[in-house]
Amino acid sequence: MKTIRGKLLMYFFVFIILFQVTAISIFVSSNELTNKYNQSFQRFLLLNSISQKSDELYAFTRVYVLEPDEVNENSYFNKKAELKAEQENLRAIYSFNENIKINNYINLVETFIHESELTVGFVLKEDIEQYTKHLEEVRLASGYIQESALELIDVELTAYQTYYKELQERNGHFITFIIFLFITTIAIAIFFAIWFSRGITRPLHKLSLAAKEVSKGDLLGEAVEIQSNDELRLLGEAFNNMRSNIHNLVKEIKDQSELDQLLKEMELKHLQNQINPHFLFNTLNTVSKMAYLEDANSTSRLIESVAALLRHSLGNINDQVTLKDEVNIVQDYFRIQQTRFSERVQFITKIDESSLDIEIPRLTLQPLVENAFIHGIEEREEGGIISIKIEQTDEFVVIEVSDDGEGIDKEKIEQLLSLSTVKDDHVGHSTGIGLTNVIRRLQLYYQMKNVVEIESEKGQWTTIRLLLPKSGKGAI
C-alpha cells in the first residue's frame, strides 16, 4: 500500500529526474559518440595486434621447423594461444557484422592457424615434404593477413568522416530537445497536480455523503468504494466496517428484544396454564406411588409420564436441553395420548441415537408433536399416524415431524414461515406455545433464517422439518 506522503515524495523525485534528463541526455549522446570513436580505435588496435601475432607465429613455426626442441615448441603453442584469443575477440566485436571482408579475414586467420598446426604435426612425423609444403602456406597466409588488415583499417578510417557529420547534426537537435523537455515537464506537472488533488478530494466527498446518511439513521446504504491504495482506502474500509457493525449491533439488540418478548409471552402462557403446578406435580407423584402399590402398573406409568411432562414444562424457558431430553418428553406425551385414544392414534419413531447429544432450546419438539396431534389427527374419527424421524447430515441434524391428517393450506404455511402477525392458532394444549414462537426462537438461537421447512398436502399429510446446525448456537 502506498501512502499520501509516499506519493508526494514520488512525484517530487519524478520532477527532479525530469529536470536532470537534459543533462543526462547530453552526456549520454556525447558518451555514445565517444564510444564509437573508442570502438573504432579498439578495432584498429585489434587488427594491428592480429597482424603482428600472425607474423610472430609464422616466425616461431619456422624456428620450430629448423630446431624442433621443447623450448621452441612451447614458444609456438603460447603464441598460437595468444593469436586464437585475439581471433575470438575479433569475432565477438564483429558478431553482428555481416561484412564479407571481415568474415574472410577471420576465416583467413583461422586457416593460417590451421596450416601452422599441420606444419608442426608433420615436423613431429618427420615428413619433410609435407611440413615444407605447409610452412610455405603459413608464410603466404601471414602475408595475406597483413594485406587484409591494412584494407580493413582503411575502411575504418573512412567511417570516421560520418562521425563528424553526426556530431554537427546532434548539436542542432540538443536545442530542440531542451525546449521540448521544458514544455513536457510543465504539462506533466499540471496533470499530476490535478490528478493528485482529485484523488484526495473525491474519496473525502464520498465519505462525507455516507456520513450524512448514517447521521440520518440509514445504516444500509451502499458501501463507500475508494479505488486508491493509500490511507484514504483504509479510512473508507474502516467507515464501511463501522457502519456494518453498528447495523449488526442494532439488529442484535432488536433480535434480543424480540426473543425476550417471546420468552415473556411463553412465561405468561405457562402461568395461565398452571394452577399451583408444584402442588399438582407433588400430588401426581403421590398418586403414581399409590397406583404402583395397588399393582396398577399401567396407571402408574401414565401418571409418571404426566409428571415428567409437567416437570419439563416447569423448567426455565431460557435453558437449553439436549435433543435426547426433548425426545424423552415426546415419548411420554405419546404414552399419554395412546392411553387416551388407544388404537386410533399410532406413533412411529425412527431415531439416530448418535444425533441426540446436541443442545436445543427447551420446548422445541413437543409443541410440534402437539400441533400434529391437535390439528391433524385428534378431530378425525379414523385417527391417524404421527411419526418422528431424526437423522444427521454432514452439517445438520434433521428432525421431521409428520402426520397423515388434515394438512395445512399454502397460505397458512406462508404466514407461519414469514412469522406473520396473524393470530397463530397452531398452539399446544400442554405448553400453550404456537408454531411461530418455535420457529422464531430457533431462528434467533441459531442466527439462521431457513431453520424450519413445512410441507403439506391439504387433507392428506403434513411434514415439519427442522435443520439444526451441528456446530451449535449462532454458528451459521
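The values are calculated or read from the model by the stated rules, or taken from the named source; none is laboratory data. In this text, all values refer to a predicted model and were calculated from it rather than measured experimentally. When we count neighbours, we look across all protein chains shown, and the Cβ atoms used for this are built from the backbone with ideal geometry, even at glycine.
Among the listed residues Gln366, Gln392, identify the single one that is in contact (Cβ under 8 Å) with a residue 40 or more places away in the chain, closer than 23 Å to Tyr445 by Cα and surrounded by 22 or more Cβ atoms within 10 Å (Cβ to Cβ).
Criteria check complete, one pass: Gln366.
In the stretch 189-200, the residues that are farther than 15 Å from Ser228 by Cβ form Cβ pairs under 7 Å with partners that are surrounded by 11 or more Cβ atoms within 10 Å (Cβ to Cβ), at six or more places apart or across chains, as follows: Ala189/Phe15.
For the stretch 375-408, what are the residues that are within 16 Å of Ile454 (Cβ to Cβ) and either out of contact with any strand residue (DSSP E or B) (no Cβ under 8 Å at 6 or more places or on another chain) or outside any strand (DSSP E or B) (or both)?
Here is the first cut: in the stretch 375-408, the ones within 16 Å of Ile454 (Cβ to Cβ) are 375-376, 386-389, 398-408.
Those that are within 16 Å of Ile454 (Cβ to Cβ) and either out of contact with any strand residue (DSSP E or B) (no Cβ under 8 Å at 6 or more places or on another chain) or outside any strand (DSSP E or B) (or both): His375, Gly376, Asp404, Gly405, Glu406, Gly407, Ile408.
Entry remark, the stretch 454-472: residues being farther than 19 Å from Gln415 by Cα and either at pLDDT 90 or above or crowded, with 16+ Cβ neighbours inside 10 Å (or both) number 3 in total.
Give the number of residues within the stretch 82-131 that are in contact (Cβ under 8 Å) with a residue 12 or more places away in the chain and part of a helix (DSSP H, G or I). Counting residues in the stretch 82-131 that are in contact (Cβ under 8 Å) with a residue 12 or more places away in the chain and part of a helix (DSSP H, G or I) gives 31.
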